[in-house]
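The values are calculated or read from the model by the stated rules, or taken from the named source; none is laboratory data. Fair warning: this is a prediction, and the values are worked out from it, not measured in the lab. Note that each Cβ is placed from the backbone with ideal geometry, even for glycine, and that neighbours are counted across all protein chains shown. In case anyone asks, the SASA skips ligands and DNA or RNA and just uses the protein heavy atoms, side chains included. Shrake-Rupley method; radii C 1.70, N 1.55, O 1.52, S 1.80 Å.
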Amino acid sequence: MKKTQIIYMDPSRIDGDKLAHPAKLLREGATVVFPTETVYGLGANALSKEAVGKIFVAKGRPSDNPLIVHIAERCELEALVSDVPEAAEALMAVFWPGPLTMIFRKSDAVPEIVTAGLDTVAVRMPSHPLAKRLIKMAGVPVAAPSANLSGKPSPTREEHVLKDLFGKVDCIVCGGETAVGLESTVLDVTGRVPVILRPGGVTRDQIASVTGACQIDEALLKSDSPLVPKSPGMKYTHYSPDADVFMAGGGIDEMVGAILGEAEELKAKGKKVGILATDENMGSYEGFTAVSLGSRQRPEEIASRLFMALRLFDEMKMDVILSETIEEEAIGRAVMNRLKKAAGNRWIERK
Ligand code: AMP
Ligand code: MG
């Protein structure tokens, strides 16, 4: 077990002296967890293959799953990529810093372990004040996947990180809850038209409003598609809690009815059932353990709580989680992408 140092810091009152230590650790090749506006990240010096290797060990991450490189300033990009397409330039001006990761052709400076041998590299500039300051002070680009054990939901709170990675990393910077709550949008900008490989906080319409057009990787559009997703991480059963997750669709009455029917049946069989609900329908689930993700009118709220709720139900040792679903538009597309992964795309069968 590693000695893990824990540093608490209020993101609205950053203490530069205190942050100098984790910054130095990053520069010298150690692993440091820090909050970003999407989820917590597990960082290491992206230019050192030894340092990046420690990330894969700490998470138990498969080596064919590439990492995102985080930078603090636009001028750091050139050293990492061989070419900056025009569309990327325009998108950066609007969405950086923020939850948009772009895929570029890589430069020789980026070790293969970061990109899992691909000739492209994923780069993002986070907007979280602690992440920005830490990366800037480290003075090196920081490769950072989500700070969870591989296969677990991404961490949106410091207690999630402590549970998964205490004793496995050198330092954890705790800075409260993350805002978006889902990982960044991954956008391939190497082709003629940008393609979303992973939906996230920045939506297709937002991207299209800058570039004129934006496609979504076809393998993401159909859950039963035989196509292999272009974003390597998307093929894993990511974000999956210990419990079996089943979704319910259709209109509100049909959806709530399916969940209630299934919950009754499972309860009769002695199963512990948790319901992922929304504010509007909480009243229907009396007598069951239900967590509201927020209002259906505010999908951002639902996005920010999804991973927290999945982890909460695991803490409660639920056998089965039954989940409502929301419209697959704007950030709802990212919510449904993560939920379908958690559920292994299983739905409550209508009888
Ligand atoms: P995580 O940081 O854990 O959310 O994972 C990063 C994800 O970004 C990976 O699982 C990939 O899906 C995606 N990604 C990173 N680098 C590339 C790349 N070069 N090409 C396509 N997708 C990438
Ligand atoms: Mg991840």
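With respect to the conditions (1) closer than 22 Å to ASN148 by Cα; (2) free of Cβ contacts under 8 Å to residues at least 40 places away in the same chain; (3) aromatic (Phe, Trp, Tyr), PHE313 falls short on a single one, namely (2).
One residue is enough: does the stretch 241-256 have a residue meeting the conditions in contact with a Pro (Cβ under 8 Å, 6 or more places away or on another chain) and either closer than 15 Å to VAL320 by Cα or not in a strand (DSSP E or B) (or both)? Yes: the stretch 241-256 contains one or more residues that are in contact with a Pro (Cβ under 8 Å, 6 or more places away or on another chain) and either closer than 15 Å to VAL320 by Cα or not in a strand (DSSP E or B) (or both).
From the residues in the stretch 113-163 that are among the β-branched types (Val, Ile, Thr) and either without any contact (Cβ under 8 Å) to a residue 12 or more places away in the chain or in a loop (DSSP other than H, G, I, E, B) (or both), which one is nearest to ligand 2 (Cβ to nearest atom)? Once the filter is applied, the top-ranked residue is THR156.
Taken as a whole, the stretch 104-112 holds at least one residue that is more than 16 Å from ligand 2 (Cβ to nearest atom), buried (at least 20 other Cβ atoms within 10 Å of the Cβ) and not charged (D, E, K, R). The requirement of being under 17 Å from LEU100 (Cβ atoms), at pLDDT 95 or above and open to solvent by 10 Å² or more (accessible area, probe 1.4 Å) is satisfied by ARG204. For the stretch 275-284, indicate whether the set of residues that are buried (at least 18 other Cβ atoms within 10 Å of the Cβ), at pLDDT 95 or above and part of a helix (DSSP H, G or I) is non-empty. Yes. Of the residues making up the stretch 289-336, those that are of a type in the set (S, T, N, Q) and either surrounded by fewer than 21 Cβ atoms within 10 Å (Cβ to Cβ) or farther than 18 Å from PRO155 by Cβ (or both) are THR289, SER292, SER295, GLN297, SER323, THR325.
Within the stretch 129-142, the set of residues being open to solvent by less than 20 Å² (accessible area, probe 1.4 Å) and within 14 Å of VAL39 (Cα to Cα) comprises LEU130, ALA131. Take ILE71 and decide whether it is within 28 Å of ARG204 (Cβ to Cβ), touching a residue at least 12 places away in the same chain (Cβ under 8 Å) and touching a Pro at 6+ places or on another chain (Cβ under 6 Å). Spelling it out, ILE71 is indeed within 28 Å of ARG204 (Cβ to Cβ), touching a residue at least 12 places away in the same chain (Cβ under 8 Å) and touching a Pro at 6+ places or on another chain (Cβ under 6 Å).
For VAL94, the requirement of being touching a strand residue (DSSP E or B) at 6+ places or on another chain (Cβ under 8 Å) and outside any loop (DSSP other than H, G, I, E, B) is not met.
A quick yes/no check of all residues on (1) more than 16 Å from VAL110 (Cβ to Cβ); (2) in contact with a His (Cβ under 8 Å, 6 or more places away or on another chain); (3) of a type outside the set (Gly, Ala, Ser); (4) open to solvent by 10 Å² or more (accessible area, probe 1.4 Å):
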| residue | (1), (2), (3), (4) |
| --- | --- |
| THR31 | yes, no, yes, no |
| ALA44 | no, no, no, no |
| GLU50 | no, no, yes, yes |
| ILE55 | no, no, yes, no |
| GLY60 | yes, no, no, yes |
| SER63 | no, no, no, yes |
| SER82 | no, no, no, yes |
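Residues that are modelled with pLDDT of 95 or more and either open to solvent by 50 Å² or more (accessible area, probe 1.4 Å) or closer than 18 Å to GLY117 by Cβ (or both) within the stretch 65-76 comprise PRO66, LEU67, ILE68, VAL69, GLU73, ARG74, CYS75, listed in sequence order.
From the list LEU25, LEU80, the one residue that fits, being more than 16 Å from CYS171 (Cβ to Cβ) and more than 16 Å from ligand 2 (Cβ to nearest atom), is LEU80. The one condition from (1) under 20 Å from LYS168 (Cβ atoms); (2) without any contact (Cβ under 8 Å) to a residue 60 or more places away in the chain; (3) of a type in the set (Val, Ile, Thr) that VAL33 does not meet is (2). In the set SER150, SER146, SER184, only one residue is at pLDDT below 95 and either within 16 Å of ligand 1 (Cβ to nearest atom) or surrounded by 22 or more Cβ atoms within 10 Å (Cβ to Cβ) (or both); that residue is SER150. When GLY175 is tested against (1) touching a strand residue (DSSP E or B) at 6+ places or on another chain (Cβ under 9 Å); (2) within 11 Å of ligand 1 (Cβ to nearest atom); (3) small (Gly, Ala, Ser), just one condition goes unmet, and that condition is (2).
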